[in-house]
1. Take the alpha-carbon centre of region A:412-448, take the same for region A:210-276, and report the distance between them in whole Å.
2. Have a look at A:Val41, A:Ala400, A:Gly240 and report the one farthest towards the positive end of the charge dipole of chain A, computed about the Cα centre with Cβ charges (Lys/Arg +1, Asp/Glu -1).
3. Can you compute 3J(HN,Hα) from phi for each residue in region A:325-342, using the Karplus curve 6.51 cos²θ - 1.76 cosθ + 1.60 with θ = phi - 60°, rounded to whole Hz and x for Gly and Pro?
4. For A:Leu208, what residues show an amide H to amide H distance below 5 Å, using hydrogens built from the backbone and excluding near sequence neighbours?
5. Can you list residues whose amide H is under 5 Å from A:Trp250's amide H, if they're 5+ apart or on another chain and H is modeled 1.01 Å from N?
6. Mind pulling the angle between the C-alpha long axis of helix A:298-311 and the longest principal axis of chain A? Nearest 10 degrees, somewhere in 0 to 90.
7. Which of A:Glu134, A:Glu377 has the fewest other C-beta atoms within 10 Å, and how do the rest follow up to the most?
8. Does chain A come out rounded, prolate or oblate, given a ≥ b ≥ c as the square roots of the eigenvalues of its C-alpha gyration tensor, rounded meaning a/c under 1.5 and, failing that, prolate meaning a/b above b/c?
Amino acid sequence: MTIEKPRVRFAPSPTGTLHIGGAHTALFNWLWARHTGGTFVLRIEDTDRERSTKEFEQSILDGMRWMGLDWDEGPDKEGSYGPYRQSGRMENYKKYADQLLASGLAYEQDGAVFFKVPEGKLITFDDAVYGHIEVMSEKASVNQDGTIKDIVIIKKDGMPTYNYAVVIDDHTMDINTVIRGEDHIINTPKQILIYQALGLEPPTFAHLPMILGKDKKKLSKRHGATSVFDYNDMGYLPDGVFNFLALLGWSPRSGQEIFSREEAVELFELSSVTKKPAVLDMDKLNFVNQEQMKRMEPHKLLGVIRPFWTKMGLKPETFSDDYLASALHTMGGRGQTTIEVAEYSDYFLSFDVVRERYDASEITEEKRPLLKKFYGELTEKCAEWTPEAMEIFTKEWIAANESSMKEVALPLRWALTGRKVSPGVFEVAAQLGREECKNRLNYYNLLG
RNA sequence: GGUCCCAUCGUCCAGAGGCCUAGGACACCGCCCUUUCAAGGCGGCGACACGGGUUCGAAUCCCGUUGGGACCGCCA
């Protein structure tokens, strides 16, 4: 038996945007294709004429690109198995339906074509994740009252149904590995019945555990974000979402939890996917997202933070990229989302935001003379405007003037940033530059 | 109701009969560093759902119970 390279597919229906569950499925398909050197096919399942729209299709494609999931064949990238939209593959559905009709395994009724579900056949398959599964054919498709329900394969409007179209498409597109959500495990026997009726070999199935909300129910709009773009707006990086999603239902043998796309591709194994449904934990997403930002080169991070600064009303375009990247570097990993990073670093781009926060009562009048003296000397006499030099200068000064680091550094942070929390105050001062520091201190009458 | 699936800390994962007095991560709590923490370091809390087997030995295998999930559309 020859081992053929996997041809996998992600087959969304354009009746909504790419949500987290879909992104998870797409991600695992992509990971497996890239890990094995196989092919990743994107197929649009637009047989629902009522609800499918071009806009949704576009947003799904955009969502996948945002996640960094590229496909080898798809609606916008024709390969030798096209078309890549089901609406363009009607002859296939007709051809195989005719074959079923001719062999008496299907029949027409009320303008639709039904596949006759046989009785007494044991349907089995070996799921790459869930293992051996078997169901009796008469249980594969039933009515609410438990009686056998023949499967509609061609709807009255002439369009194929899901369970039928997948079979025909997966077969005609040479898909040999079907990776999809666990909610489809129950559909698999029906599909296998159709494969068998047509005398076709079913592909390997690999079902992925569901992603549940905090309430342990299947993810839905109730759980907040739907589209992956909502995650972007909430401050999450593609790398963060990618990394986080990869950890739902899978983990590398090494136990490594923070990894790049390349590392994930290298480490991924379908055989180590878990079966238990996973609850989506935003705390963990926050953590992973933060770790991914920490690993980003500052100029690259700048690219994702910039729009958030702009959205806050700041004007990053008035600063050089080097200054801004350096400011982000100074932040030292503070902030879990791009929104937080943008907010926590606002004082590097504007003194106005500092003035809005500044509360004069924080600096008592008795302390003012001492502070004025110190800040005046620091800004004039500290030879080099670097964190190291400032720290040495300050330590010597407080020793000579019987003051303390706390006494002088806290008000300095307050005047410079309008915040009680920030990176090391001398690093902030160095980043702001000597002149800007003098301006801010002078504004508050803190320069002697 | 029926069918299918699942079952280790609150959450995500390790664990494929002895290495487990069950390991890591997030969260939480505490301590330390320090000019502050939203950064960094250290530590703590915390789970094999239950009951039967099998075995010298079970978190790991089998059965049952319970719990949870998914699906039962001419939606996908």
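1. With region A:412-448 and region A:210-276 each reduced to a Cα centre, they are spaced 41 Å.
2. Positive-end residue among those listed: A:Ala400.
3. With the stated coefficients, region A:325-342 comes to 5, 5, 4, 5, 5, 4, 4, x, x, 6, x, 9, 10, 4, 5, 5, 4, 4 Hz.
4. A:Arg180, A:Gly181, A:Glu182
5. Amide H neighbours of A:Trp250, under 5 Å, 5+ apart: A:Thr274.
6. Roughly 90 degrees between the two axes.
7. A:Glu134, A:Glu377
8. prolate
The numbers here are math on the coordinates, done by the rules we state, and not lab data. All of these numbers come straight from a predicted model, not from anything done at the bench. So basically every Cβ, Gly included, is an ideal-geometry build from the backbone, and we count neighbours across all protein chains shown.
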